[in-house]
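Working notes for the structure below.
What follows is calculated from the coordinates using simple rules that are stated; it is not laboratory data. In this text, all values refer to a predicted model and were calculated from it rather than measured experimentally. As a convention, Cβ positions derive from the backbone with ideal geometry for all residues, glycine included, and neighbour counts pool all protein chains shown.
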Amino acid sequence: MKAIILKEAGGTENFVITEMPVPVPQKGEVLVKVAAISVNPVDIKTRKGLALYDKLKSDPPIILGWDIAGEVVGVGEDVTSLEEGDEVFGMVNFPGHGKAYAEYVVAQANHLAEIPELISTQEAVAGTLAALTAWQVLVDEAKVQTGEKVLIHAAAGGVGHFAVQIAKYLGAYVIGTASDANYDFVKELGADEFIDYTQGSFEDAVKDVDVVFDIVGGTNPLRSLNVLKEGGRLVAIAGGITDEVKQIANSKKINAWPYLVHSNGDDMEQIAELLEAGTIKSCIFKEYAFEDMAEAHKQSETGKTRGKIVVVL
Ligand SMILES: NC(=O)c1ccc[n+]([C@@H]2O[C@H](COP(=O)([O-])OP(=O)(O)OC[C@H]3O[C@@H](n4cnc5c(N)ncnc54)[C@H](OP(=O)(O)O)[C@@H]3O)[C@@H](O)[C@H]2O)c1
């Protein structure tokens with residue numbers, strides 16, 4: 001099979017398409033013939049030697065990627081939930097070595113869900129790491145309740161566009177930040193209010209927020225403490241929560257914590273149901289061929305992607 005190996009940390013010139021043996025599924029695992037992959041900022045960070053690079057380096061060769069959709073073509077011992085021929089999608093083995101940039105991927109069966117009938121492979125693969133993150137943060141971590149005011153930073157991106165839709169599904173009043181070019185997009189996702197972060201401070205545009213979902217990082221978590229009400233929650237997924245943020249949050253009686261998504265087949269089932277019902281939709285910004293993975297990475301690095309980047313095999 002073909003796989004994209006990362007020779008060493010650095011630029012996309014370190015990608016090498018290599019022939020490798022097809023992996024064999026072990027107990028609890030299935031072999032998936034990959035039809036599509038989605039690319040996330042963590043792929044780029046890891047490629048550059050950050051994020052999960054050290055972990056992957058200890059298990060060479062390094063094959064980036066975690067998001068796959070495709071057909072089950074092999075089933076390991078003790079797998080009862082899936083069988084050959086099933087069309088599946090999921091974020092596999094995160095935060096471990098997912099090895100998704102390949103024609104065949106071995107995955108734990110309980111990291112996958114079946115693709116709903118009317119959902120394309122591309123739409124499915126777009127709804128993996130990004131959708132899972134939005135689901136786990138809003139449902140499991142922040143525990144968003146009906147009627148709560150939720151501010152989502154980077155509402156037009158991979159995670160953000162699912163977060164707006166999931167927060168609306170949970171019955172929240174949703175405010176999304178993005179640049180003006182994404183006004184229509186974010187409103188069509190269901191946001192009740194839009195803040196153009198390039199035209200002044202979001203702190204001047206919103207107050208008394210119950211939950212801030214920060215997908216931007218930098219000074220955003222600190223600044224977000226100014227718009228949260230007492231008892232509010234701040235979940236930050238890009239860059240964590242500094243001691244300063246923790247201290248100020250404590251003094252304001254705000255709960256602030258970082259979060260890292262993890263593979264979970266039950267959560268994938270929830271995403272599958274929402275996609276099937278049309279409650280959430282994947283927006284695909286651009287599709288690339290497997291051979292053009294470097295171009296997909298360069299697009300992600302612009303920081304201006306609307307929705308998701310998908311690679312088809
Ligand atoms: N901890 C975790 O579990 C976890 C999981 C997933 C992602 N992440 C992290 O979360 C971050 C975002 O991931 P992603 O997949 O959503 O990325 P992405 O799709 O590349 O995000 C691009 C979007 O960010 C928006 N944006 C950029 N700067 C902004 C700002 N200052 N305010 C508001 N919007 C801004 C852009 O909107 P405009 O074009 O309108 O500027 C664009 O639509 C990355 O750092 C990623 O590594 C963490």
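Within the range 78-98, whose backbone N sits under 13 Å from a point 7 Å along Cα→Cβ of Lys33? Taking a point 7 Å out along Cα→Cβ of Lys33, the residues of the range 78-98 whose backbone N falls under 13 Å are 84-88. The calculated P(r) of the range 97-139, using every Cα pair and 5 Å bins from 0, goes 5, 17, 22, 31, 18, 6, 1 in percent. Distance between the modelled labels on Lys143 and Met20, one decimal in nanometres: 4.1 nm (7 Å Cα→Cβ projection). Taking the Cα centre of each part, how many Å lie between the range 178-192 and the range 196-229? Result: 16 Å between the Cα centres. Full extension of the chain between Glu273 and Glu287 yields a length gain of 2.6 nm, computed as 0.36 nm times the residue separation minus the alpha carbon distance.
Approximating the spin labels as points 7 Å out from Cα along Cα→Cβ, the Ser251-to-Thr198 distance works out to 3.5 nm.
By how many degrees, between 0 and 90 and to the nearest 10, does the Cα long axis of helix 265-277 differ from the longest principal axis of the chain? Its long axis makes an angle of about 70 degrees. Of interest is the spacing of the C-alpha centroids, which for the range 28-51 and the range 250-290 amounts to 16 Å. Restricting everything to alpha-carbon atoms, can you work out Rg to Rh for the chain with a Kirkwood hydrodynamic radius? Across the chain, the Cα-based Rg/Rh ratio is 0.98. Helical content of the chain, expressed as a calculated mean residue ellipticity at 222 nm, amounts to -7000 deg cm²/dmol (DSSP H runs of 4 or more residues, -39,500 (n - 2.57) each, divided by residue number, nearest 500).
Out of every Cα-Cα pair that the range 130-258 contains, those further apart than 21 angstrom amount to 29 percent.
Rg of the Cα atoms in the range 1-155, relative to 2.2 N^0.38 Å, amounts to 1.10. Here the Karplus relation 6.51 cos²θ - 1.76 cosθ + 1.60, evaluated at θ = phi - 60°, turns the backbone of the range 210-225 into coupling constants of 7, 9, 10, 9, 9, 10, 9, x, x, 8, 4, x, 4, 5, 5, 4 Hz, with x for every Gly and Pro. Subtracting the Cα-Cα distance of Glu244 and Glu117 from their residue separation scaled by 0.36 nm leaves 40.9 nm. With 23 Å as the limit, the listed pairs Lys143/Lys252; Lys168/Lys281; Lys143/Lys246; Lys45/Lys253 have Lys45/Lys253 beyond it between alpha carbons. Beta-bridge orientation, the chain: approximately 55 percent antiparallel, per DSSP, counting only bridges with both partners inside. A straight chain from Ser58 to Val312 at 0.36 nm per residue would run longer than the Cα-Cα distance by 88.6 nm.
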